[in-house]
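A short write-up of the structure that comes next.
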Amino acid sequence: IKFEKLFLDSPSPRKTVIAYVEDSSGKRIDSAVIQLNIWVYKSVNMLHKAVNRGQELEPRNIYRSSYPIRQMDEKLYFQGNLRQKVATSNIPANSPIKINMVRHQKLVQVGDMIKVTSGNSFINLEFFCKAMNSGDIGGVINLTCPEMSKKNHRAELTGAGEARLL
């Protein structure tokens, strides 16, 4: 049995190889077309425990493992550092992390200056405070506000660099 026409470098996951049999004079007696699905094993980031949407990934929860991937999907898996990354969807335990499952970082980082508002429909106060922990819209963070008599406060993030005092 001889084989021909196997192109491993083609982008398609399905490869075709032709197998044929020759007699003693070199004449083909019979042939068959064989379809192969090619998978590659790639080292990917995975999680020990599941992470919910909006949660920050913790380094101790991440491990690397060899995982079978279709050749054409190789670039879909996150390869960089997952430190301070946030899940954009629920990520189950022991599943490979794809690029679209995480975003780069929380909206507000430790040390960012944030415009904080407080008040009601008649009066509204605005001042700047420093974030003491990272967070996303709708999340509650701790602040230190040097312009106020009470220095430490908690606020709910309403946008990029904006929060409402609790």
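Going Cα to Cα from Lys98, which aspartates and glutamates come in below 18 Å? Please leave out same-chain ones fewer than 8 positions away.
Glu56, Glu58, Asp73, Glu74
Given Cβ point charges of +1 (Lys, Arg) and -1 (Asp, Glu) and nothing else, what value in debye, to the nearest 20, does the dipole of segment 57-152 about its Cα centre take? It would help to have the intermediate numbers written out before the result.
Details: 13 positive and 7 negative charges, 51 e Å.
Dipole about the Cα centre, nearest 20: 240 debye.
Could you please report the charge total around Gln71, scoring K, R as +1 and D, E as -1 over all other residues with beta-carbon less than 11 angstrom from its beta-carbon?
So the environment of Gln71 carries a net charge of +2.
Starting from segment 121-166, pick out the chymotrypsin sites (Phe, Trp or Tyr not before Pro) whose DSSP state is loop and whose Cβ has at most 14 other Cβ atoms within 10 Å. Write out the running numbers ahead of the final one.
Values: sites: Phe122, Phe127, Phe128; in loops: Phe122.
In loop regions of segment 121-166 (DSSP not H, G, I, E or B), the sparsely surrounded chymotrypsin sites (Phe, Trp or Tyr not before Pro) are Phe122.
If you take the charge dipole of the chain about its Cα centre, with +1 on Lys and Arg Cβ and -1 on Asp and Glu Cβ, which of Asn52, Gln79, Ser31 is farthest toward its positive end?
About the Cα centre, the residue reaching furthest to the positive side is Asn52.
Which lysines, if any, have their Cα less than 16 Å from the Cα of Lys15, not counting same-chain residues under 8 positions apart?
Of all the lysines, those that pass the test against Lys15 - Cα under 16 Å, at least 8 places apart if same chain - are Lys5.
Residues in segment 22-62 near a label at Thr16, defined as backbone nitrogen under 15 Å from the 7 Å Cα→Cβ point?
31-37
Which loop GluC sites (Glu not before Pro) in segment 99-166, with loop taken from DSSP, have no more than 13 other Cβ atoms within 10 angstrom of their Cβ? Walk me through the numbers before you get to the answer.
On the way: sites: Glu126, Glu147, Glu156, Glu162; in loops: Glu147.
When the GluC sites (Glu not before Pro) of segment 99-166 are filtered for loop state and at most 13 Cβ neighbours within 10 Å, Glu147 remain.
At 0.36 nm per residue, minus the direct Cα-Cα distance, what do Ala93 and Arg164 gain on full extension? Give it in nm, one decimal, please.
Values: separation 71, 0.36 × 71 = 25.56 nm, distance 3.47 nm.
22.1 nm is the gain from fully extending Ala93 to Arg164.
With +1 assigned to the C-beta of every Lys and Arg and -1 to the C-beta of every Asp and Glu, and no other charges, what is the dipole magnitude of segment 84-133 about the Cα centre in debye, to the nearest 20?
Computed charge dipole of segment 84-133: roughly 220 debye.
Against the globular-protein guess of 2.2 N^0.38 Å, express the Cα radius of gyration of the chain as a ratio, rounded to two decimals. Intermediate values should be presented prior to the final figure.
Values: Rg = 27.7 Å, N = 166, 2.2 N^0.38 = 15.3 Å.
Rounded to two decimals, the normalised Rg is 1.80.
Give the cross-link partners of Lys151 among the lysines, using a straight C-alpha distance below 30 Å as the criterion and excluding same-chain residues fewer than 8 apart.
Lys85, Lys106, Lys115, Lys130
Work out from phi, with θ = phi - 60° and the Karplus expression 6.51 cos²θ - 1.76 cosθ + 1.60, the ³J(HN,Hα) of each residue of segment 151-157, listed in order in whole Hz, and give x for Gly and Pro.
Using θ = phi - 60°, the values come out as 6, 9, 9, 10, 9, 9, 6 Hz.
Run the dipole for segment 1-95 about the Cα centre, Lys and Arg Cβ at +1, Asp and Glu Cβ at -1, nothing else charged, and hand back the magnitude in debye, nearest 20. List each step's numbers first, then the result.
Working: 15 positive and 9 negative charges, 74 e Å.
Dipole of segment 1-95, to the nearest 20 debye: 360 debye.
Quick one: what are the phi-derived ³J(HN,Hα) couplings along segment 50-65, Karplus 6.51/-1.76/1.60 with θ = phi - 60°, whole Hz, x for glycine and proline?
Calculated HN-Hα couplings, in order: 4, 10, 7, 4, x, 7, 7, 6, 9, x, 6, 8, 9, 9, 10, 8 Hz.
Of all beta bridges DSSP finds with both residues in segment 105-166, what is the antiparallel percent, to the nearest 5?
Values: 19 of 22 bridges.
Restricted to segment 105-166, the bridges split so that about 85 percent are antiparallel.
How much of the accessible area of segment 66-166, probe 1.4 Å, is carbon plus sulfur, in whole percent?
On the way: 3170 of 6110 Å².
Result for segment 66-166: 52 percent of the exposed heavy-atom area is carbon or sulfur.
Using a probe radius of 1.4 Å on heavy atoms only, what accessible surface per residue do you get for segment 1-125? Whole Å² is fine.
Numbers: 8600 Å² over 125 residues.
Heavy-atom SASA per residue in segment 1-125 reads 69 Å².
The values are calculated or read from the model by the stated rules, or taken from the named source; none is laboratory data. All values derive from a computational prediction rather than experimental measurement. Note that each Cβ is placed from the backbone with ideal geometry, even for glycine, and that neighbours are counted across all protein chains shown. Areas reflect the complete protein model, heavy atoms only, side chains present, ligands, DNA and RNA absent. Shrake-Rupley method; radii C 1.70, N 1.55, O 1.52, S 1.80 Å.
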